[in-house]
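Comments concern the structure below.
The values are calculated or read from the model by the stated rules, or taken from the named source; none is laboratory data. Quick caveat, the model's predicted, so the values are computed rather than measured. Methodologically, a virtual Cβ is constructed for each residue, glycine included, from the backbone with ideal geometry; neighbour enumeration extends over all protein chains shown. Note: accessible area is taken over every heavy atom of the protein model, side chains too, but ligands, DNA and RNA are not part of it. Shrake-Rupley method; radii C 1.70, N 1.55, O 1.52, S 1.80 Å.
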Amino acid sequence: MDKASQRIDELLIEQYRSGDVLAFQKLVERWHKRFCEKAYWLTKDADASKDIAQDSWNTIYYKMDTLNDLGSFQSWALRIVFTKTMDWMRITERNKTKHESYYKNYVDTEEQNDDNQALKSKMLKAIKSLSSDQQIVLKLFYVEEYSLKEISKLLKISVGTTKSRLFHVREKLKKQLKHRNYEN
């Protein structure tokens, strides 16, 4: 940047600090396009570049009083743009990673749900093929969570008969589910 251009920036900053709001607008007119270009060069995203430039102007506006060397406005302002751009890129990458992770988990969950539904369907078909005595023992033991002794009292059969029925139910379900897995 040449001395004349640097001197224009210095004068505009001095005028702004003296209360001339139009001086800040002129500074924006001089530099806004360059800020957008700098941000775009790093992000390759036109909309993001405009947002970053606007965000940079907000920071410049609020920190203008901290600029001691008015001749260093260009490097100071471009450093702000660069920092804002890097912040945007970090946030974007973090969000992208979160979205990818969410999508992967969602797809995995959907696949698990599909697998679970298929297994549940096979299991229900296998249970329906059991005799009513076998279904009752199965339901009382696994769904209602009765003990073998309680089941034997309810059904008025011995504990040994209850164990035997439960054993045969399990074996029959294993065979049917194994057989259905080979069919698929």
Checked pairs for segment 67-81, first among the polar types (S, T, N, Q), second open to solvent by 20 Å² or more (accessible area, probe 1.4 Å), C-beta under 7 Å and 6 or more apart or across chains, list as Gln74/Met1
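Would you please name the residue that is nearest to Gln176 (Cα to Cα), looking only at residues in segment 133-145 that are of a type outside the set (D, E, K, R) and open to solvent by 80 Å² or more (accessible area, probe 1.4 Å)?
Tyr142
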Segment 15-40 residues that are among the hydroxyl-bearing types (Ser, Thr, Tyr), paired with ones that are open to solvent by less than 100 Å² (accessible area, probe 1.4 Å) and in a helix (DSSP H, G or I) (beta carbon under 8 Å, 6 or more apart): Tyr16/Ala23; Tyr16/Phe24; Tyr16/Leu27; Tyr16/Met64; Tyr40/Ala46; Tyr40/Ser49
Subset of segment 43-92 (residues that are part of a helix (DSSP H, G or I), among the acidic types (Asp, Glu) and surrounded by fewer than 17 Cβ atoms within 10 Å (Cβ to Cβ)): Asp47, Asp51, Asp65, Asp87
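Quick one: which of Lys3, Lys26, Lys33, Lys104 is at pLDDT below 95 and either over 26 Å from the mean Cα position of the chain (by Cα) or of a type in the set (A, V, I, L, M, F, W, C) (or both)? Outline the logic, then answer.
Values: Lys26 fails: at pLDDT below 95; Lys33 fails: at pLDDT below 95; Lys104 fails: either over 26 Å from the mean Cα position of the chain (by Cα) or of a type in the set (A, V, I, L, M, F, W, C) (or both).
Answer to the check: Lys3.
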Please list, ordered by first then second residue, the pairs with beta carbon atoms under 8 Å, 6 or more apart or interchain, first in segment 157-181 and surrounded by 14 or more Cβ atoms within 10 Å (Cβ to Cβ), second among the aromatic types (Phe, Trp, Tyr). Leu166/Phe141
